[in-house]
Each structure stands twice: as C-alpha cells, then as structure tokens.
Amino acid sequence: MLSILFNDLKTPIIYLPIAMLFAAALTLIYLFFTPHHFHPPKSLHRLFHLFLLLTYAYTTLQFAFFSRPPGSRSTISLIPGATWGTTLQSHAYVIENILMTIPLGILLPALWPGKSSLRTLAKCLSITLACSVALETAQFLTQRGHCQTDDVLANVAGAFIGWMLFYIGSKIKAAVGRPRSDRKES
C-alpha cells in the first residue's frame, strides 16, 4: 500500500515549482497593495503562511481538478464508505484524500494571529467542508473527477488531523517559550 501511496503522491510534486512561483507573485502583490504597519516577526511569519497556503491551493487544484480532462470521470457516489472498496488502490485513494487536507488544517489556523475565532476547529472544518463540497461539485459539473461523499468526509478528517497537529504544536511552542519559572513542576 505504501508503494501505491508514494507513487500517487509523486504527481502533485511536479506542480510545486510553478505553484511556488504563483504563490510568491500573489504574496508580493498582497504585500504591495495591502496597507498595514510592518511588524517584522509577525508580518513575515504571516506572509510565509500565506505563501504556503497559496502554494498548497495551487498544487491541490492542479492535481485534483485542472490536470484532468473535462468529461473524463462521470461517476457519483453519495453513500458514505462506498469508495473504500476491496483493493489496495481504492484504500489508497481514501487515504490520499485524508493526506491532501492535513496541510489545510495546519495552515488555516496558522494564518490568523492570537485568539482569532478563525483559529477554532469549527471554523477550520467549516472552511474545509465548503472547499471540499465546492471541489466535488465542480468535478461533477465538469466531469473532471468522481463526485464522492467519501472524498468530502476524508478531506474533513484530514483537516481535523492537521488542526490537531497545529493545536498540539502551538501548545508545545507556548510551553517551550515560557520562562522556566512559569512552567509546571513535574
């Protein structure tokens, strides 16, 4: 199964150079046209996350939508669990849909500083759900992908995993960043 996953995940990697150029251009445009007070550590940190999110979005859209010819896939499956199937390849597709949105679950809350409501799990999963439904709908309308409820569920599961990784990482970062006297005694 790992060989299938690694083989399938090679494809999005070929889109990374163009995705990074696209993301860099949009990030520079954002920086140029957005009036804000420049606070180097936080602004650079946020710009980096914006760059990563744009790179991720380009790569994902290219891989899951634009790389496929219109009319090449026309199936629809609204039954949860139906696409798990019996083959290793069908299992790999579900796992790939989970892996595909882990970065989104990390990057969405990372973009907003402090205690913004946009950092919450509910907001992250809501945005992921909306994006996933939009992608599945576009795939169905253009027949560029199989429209499947399982894809949406797997995408939301991936964002949940990503958000949990972000949450745990931010707690560790906060604990490590505190002075020793403020840490709890073991």
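The values are calculated or read from the model by the stated rules, or taken from the named source; none is laboratory data. Computed from a predicted structure; not experimentally measured. Don't worry about glycine lacking a Cβ; one is built from the backbone with ideal geometry, like all the others, and counts go over all protein chains shown. These area figures cover heavy atoms from the full protein model, side chains too; ligands, DNA and RNA do not enter into them. Shrake-Rupley method; radii C 1.70, N 1.55, O 1.52, S 1.80 Å.
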Open item on the list: Step by step: first the residues of the range 135-184, then only those that are under 24 Å from Ser74 (Cβ atoms) and without any contact (Cβ under 8 Å) to a residue 12 or more places away in the chain, then the one that is most open to solvent (accessible area, probe 1.4 Å). Which residue is that?
Closed with: Leu141
Open item on the list: Tell me the residue from Phe22, Phe32 that is over 24 Å from His91 (Cβ atoms), assigned to a helix (DSSP H, G or I) and at pLDDT below 90, please.
Closed with: Phe32
Open item on the list: Among the residues in the range 70-77, are any of a type in the set (Val, Ile, Thr), under 22 Å from Ala138 (Cα atoms), in contact (Cβ under 8 Å) with a residue 12 or more places away in the chain and surrounded by fewer than 16 Cβ atoms within 10 Å (Cβ to Cβ)?
Closed with: yes
Open item on the list: Any residue in the range 78-93 that is free of Cβ contacts under 8 Å to residues at least 12 places away in the same chain sitting within a Cβ distance under 7 Å of a residue that is among the aromatic types (Phe, Trp, Tyr)? List the pairs, counting only those 6 or more apart or interchain.
Closed with: Ser90/Trp84
Open item on the list: Which count do you get for residues in the range 55-69 that are open to solvent by 70 Å² or more (accessible area, probe 1.4 Å) and assigned to a loop (DSSP other than H, G, I, E, B)?
Closed with: 1
TODO: Run Tyr93 past the list (1) outside any helix (DSSP H, G or I); (2) of a type in the set (Phe, Trp, Tyr); (3) at pLDDT 85 or above and report the number of the one that doesn't hold.
DONE: (1)
